[in-house]
1. Around F27, which amide H atoms from residues at least 5 apart in sequence, or from another chain, sit under 5 Å from its own amide H, with H modelled in the peptide plane?
2. What list do you get for I139, I172, I178 if you sort them by fewest beta carbons within 10 Å?
Amino acid sequence: MRISFSPPNQLTLLRILLTPVFLAFLFSQNPVLRQVSLIVFILALLTDWYDGWVARRWGYVTRWGTFLDPLADKIVTSAALISFVILDLAPGWAVWLIVIRDFTITLLRSYSEWKGKPIDTTKFAKTKTFLQFLVIYYIMLLYVARTTEFFAQNYSQAIDALLSRTVLDILIILIAVITVWTGVLYIVGNRAIIRELYDFSNRRVTERD
């Protein structure tokens, strides 16, 4: 697969490069840098919308972009979710269920695209992605607000209540259940294509042997 550095793919690579910047700012002891981490995270996700628009508008859709774009999304969102575990804002087991499911399905989709057998994303899966973003933004906004002097002085009790582990555990576990369930539906609904891809891979291995 030839690597293409078209404008959409450059934006996708930028999204990946922004991830360690976001993490460095988020874990900084400087409250201002934590606030900047939210801006970096939003900017990274905005590149997802913009690179898709550019690709469709100017005909830059490539196999490399089709492979890299969803992978970049999962890198950004997984980094945010794992950071919540480190910050004691989310249960680790639920986050790892989300991360493993998302990377497994994303790699499967990318492989199927590469082999010319694209697998469509269901509306339910798109809803799952929207809910994931919603929960991530919820946690990010409140966590950054808690470290901001104005909000900490005036709304600390409300923020602490909204960021209680009971509330966060319910949200993350709910997202984990929905994420795993959509993964199961995805595999079951596309089992014929997955079987073809598996048979194709086995034939290639046999031929090399």
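Taken together, the values in this text are just the output of simple stated rules run on the coordinates, not laboratory data. Bear in mind that the values here come from a model prediction, so they are computed numbers and not experimental data. No Cβ is skipped: glycine too gets one built from the backbone with ideal geometry, and neighbour counts run over all protein chains shown.
1. Hits under the 5 Å cutoff: none.
2. With the sparsest Cβ surroundings first, the list reads I178, I139, I172.
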